[in-house]
1. Considering the range 250-285 alone, what residues qualify as being at pLDDT 95 or above and of a type in the set (Ser, Thr, Tyr)?
2. In the range 88-119, what count of residues is obtained for those that are among the hydrophobic types (A, V, I, L, M, F, W, C) and not in a helix (DSSP H, G or I)?
3. Residue pairs, Cβ under 7 Å, 6 or more apart or interchain, first in the range 209-236 and closer than 20 Å to LEU5 by Cβ, second surrounded by fewer than 17 Cβ atoms within 10 Å (Cβ to Cβ). List them.
4. Hey, can you tell me all the residues within the range 1-48 that are under 17 Å from PHE171 (Cβ atoms), under 17 Å from the mean Cα position of the chain (by Cα) and among the basic types (Lys, Arg)?
5. Select from the range 173-217 the residues that are open to solvent by less than 40 Å² (accessible area, probe 1.4 Å), at pLDDT 95 or above and not basic (Lys, Arg) and list them in ascending order.
6. Evaluate the following for GLU243: is it open to solvent by 30 Å² or more (accessible area, probe 1.4 Å), among the acidic types (Asp, Glu) and in a loop (DSSP other than H, G, I, E, B)?
7. Can you say whether ARG148 is open to solvent by 30 Å² or more (accessible area, probe 1.4 Å), basic (Lys, Arg) and in a helix (DSSP H, G or I), as far as the supplied structure shows?
Amino acid sequence: MKKGLVLEGGAMRGLFTAGILDVLMENRVRFDGLIGVSAGACFGCNYKSGQIGRVIRYNKRFARDPRYCSWRSLFRTGDLFNADYCYRELPMELDVFDAAAFEADPMEFYLVATDCATGGPVYRRIDQADEKAFQWIQASASMPIVSRPVAIDGGEYLDGGLSDAIPLRWFESLGYDRNVVITTRPRGYRKPPAGKLRLWKPFLRRWPKICDAMQYHSERYNEELDYLDSRVQAGQTFLIAPEQPLEISRISHDPDQMQRAYETGRAAGEKHLNTVLEFLARPEI
């Protein structure tokens with residue numbers, strides 16, 4: 001039996017996830033592997049490095065820093081979240097990511113990015129916290145329109161949530177058959193159909209498959225939620241989701257709002273902690 005942790009994205013809604021992860025780390029809850037998408041990858045890598053509190057600390061510290069996330073950054077660099085600042089200066093100098101701890105921890109770490117050429121998902125295992133690892137994390141979290149595609153080894157990649165927002169099925173294909181899934185939308189949520197993309201197509205004319213992925217994202221996402229529900233009902237997956245819509249948008253510069261989302265996650269983690277431990281310890285059926 002392999003125990004997995006599956007983390008949805010959602011940009012700043014991911015601070016809910018960060019609160020849960022800190023509670024799990026504080027209580028030494030262990031998994032064999034983790035797969036994160038977008039913010040789930042950005043924040044989830046701290047689970048493997050064991051850095052409790054790092055996510056909420058640096059997000060609040062840089063919440064209003066235009067070098068971190070701002071329209072000025074978008075106009076100057078092509079990225080709403082300044083790539084060099086977020087994925088080099090911050091983890092290597094300002095709030096240092098513990099690469100040695102990440103590499104020493106035996107838990108497998110995976111992320112999802114979307115291939116701009118095909119519009120399909122790319123699943124990447126990260127073992128070393130080097131420059132290329134942060135490129136893949138950046139790619140997984142690079143929202144279309146407000147981010148440039150990330151070039152890695154001859155390919156170009158964007159937000160993994162476009163192609164596989166909740167990669168439970170793929171994780172199961174690796175043999176992870178006892179999974180805890182954390183979503184950033186309440187249980188029962190379904191995404192409405194996408195509106196017309198005519199306004200955005202000029203910005204994506206080089207990547208028509210990304211337009212297709214955006215157009216059909218809601219259908220794919222809702223199918224993933226249906227599959228998640230079926231696995232929960234079968235007793236093979238444990239779901240932690242906010243009880244109410246989180247009072248934080250995908251992009252927030254308000255440290256107090258961030259703290260509330262994080263504390264909501266901590267409360268959920270504490271509420272479900274014993275049940276999660278029982279679920280992971282349950283004998284294999």
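1. TYR262, THR264, THR275
2. Total meeting the criteria: 9.
3. Listed by first residue and then by second, the contacts come to TYR221/LYS191; LEU225/ARG190; TYR227/ARG169; GLN236/ASP177.
4. Scanning the range 1-48 gives a single hit, LYS48.
5. GLY175, TYR176, ASN179, VAL180, VAL181, ILE182, THR183, THR184, PRO186
6. So GLU243 fits the description; yes.
7. no
Table: residues versus (1) open to solvent by less than 10 Å² (accessible area, probe 1.4 Å); (2) outside any helix (DSSP H, G or I); (3) within 20 Å of ASP98 (Cβ to Cβ).
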{"position": "ARG13", "(1), (2), (3)": "no, no, no"}
{"position": "LEU21", "(1), (2), (3)": "yes, no, yes"}
{"position": "LEU24", "(1), (2), (3)": "yes, no, yes"}
{"position": "ARG28", "(1), (2), (3)": "no, yes, yes"}
{"position": "TYR47", "(1), (2), (3)": "yes, no, yes"}
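The values are calculated or read from the model by the stated rules, or taken from the named source; none is laboratory data. Being a predicted model, the structure only gives us computed values, none of them experimental. With ideal geometry, Cβ positions are generated from the backbone for all residues, glycine too; neighbour counts draw on all protein chains shown. These accessible areas exclude ligands, DNA and RNA; they are computed on the full protein's heavy atoms, side chains included. Shrake-Rupley method; radii C 1.70, N 1.55, O 1.52, S 1.80 Å.
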